[in-house]
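Structure first, commentary second.
Read-outs: derived from the displayed coordinates by stated rules, not from any lab. From a predicted model like this one, the values you see are computed outputs, not experimental measurements. Ideal geometry is used to build each Cβ from the backbone, glycine not excepted, and the neighbour counts take in all protein chains shown.
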Amino acid sequence: MLLGYILLFLIDNTVKSQTTHPITTTSVHTPTQMLPPLQLVANPDYPVAAGQKIILQCSALTILENVTWFWQRQQNHTWADVGTGMELSLTEPKQSGEYRCGAKRQSAEPSLSPSHTVYIIFTRASAGENLGIAAFVLSLLALMIIIAMILWMGWQALNLTIKTSITADKGFPGPEALSNKGTPRINSDQDVYMNYISNNQQNYTDLDPSSMTGDAVYSSLS
């Protein structure tokens with residue numbers, strides 16, 4: 001019986017020595033860095049016509065370094081990235097919609113601005129604008145025609161001058177000289193006579209219309 005107590009005592013000590021103590025662990029919580037709030041400004045801040053530019057600008061209340069700026073547009077109830085940088089330019093009607101900007105850093109949660117809705121309206125040219133464009137085009141055509149005529153007249157005058165100088169160099173009288181060497185000038189206040197020979201007799205004919213003796217027949221002086 002004594003031997004039984006000894007065996008029970010040894011077994012109890014062996015079980016206690018094999019019991020392991022629980023290991024306690026402590027988790028270290030690293031606080032996440034937060035970026036300051038962002039502000040979105042549109043210039044101009046009203047609807048514009050197609051072709052006019054709207055510039056969206058993103059800024060923070062404090063100076064941010066080592067951050068990446070990005071732009072998002074809401075499409076089909078989700079936000080899709082549409083650009084990077086602190087500014088975004090919009091000019092087409094299909095770019096109308098709701099926008100927001102953001103800034104992110106590798107060790108911080110991204111910061112987003114409130115959304116802003118942009119309206120770019122498609123407009124058709126009015127009748128007055130179409131008439132103005134047509135008048136401008138016609139004015140350009142008329143100006144081109146006038147310039148072409150001036151150049152052509154200048155070219156013709158230059159050719160005439162060259163021909164006159166060549167004729168003078170060869171010893172031939174020019175057009176003005178030939179015109180001045182024709183028949184002598186007749187004074188309309190004096191009587192004009194024409195000398196002719198008929199039947200071997202020299203006669204003179206008075207060319208004054210008042211001295212005509214018949215139809216197309218002038219009086220003759222012997």
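Observations, loosely collected:
- Taking label positions 7 Å along the Cα-Cβ direction at both residue 42 and residue 98, the computed distance is 1.3 nm, reported to one decimal.
- Full extension of the segment from residue 81 to residue 129, taken as 0.36 nm per residue of separation minus the current Cα-Cα distance, would add 13.5 nm.
- Rounded FRET efficiency, nearest 0.05, which uses the C-beta distance separating residue 142 from residue 162 and R0 of 25 Å: 0.20
- The simple Förster model, with R0 at 30 Å and r as the Cβ-Cβ distance, assigns residue 50 and residue 109 a FRET efficiency of 0.20.
- Efficiency of FRET from Cβ geometry, residue 117 and residue 65, R₀ 25 Å, rounded to 0.05: 0.20
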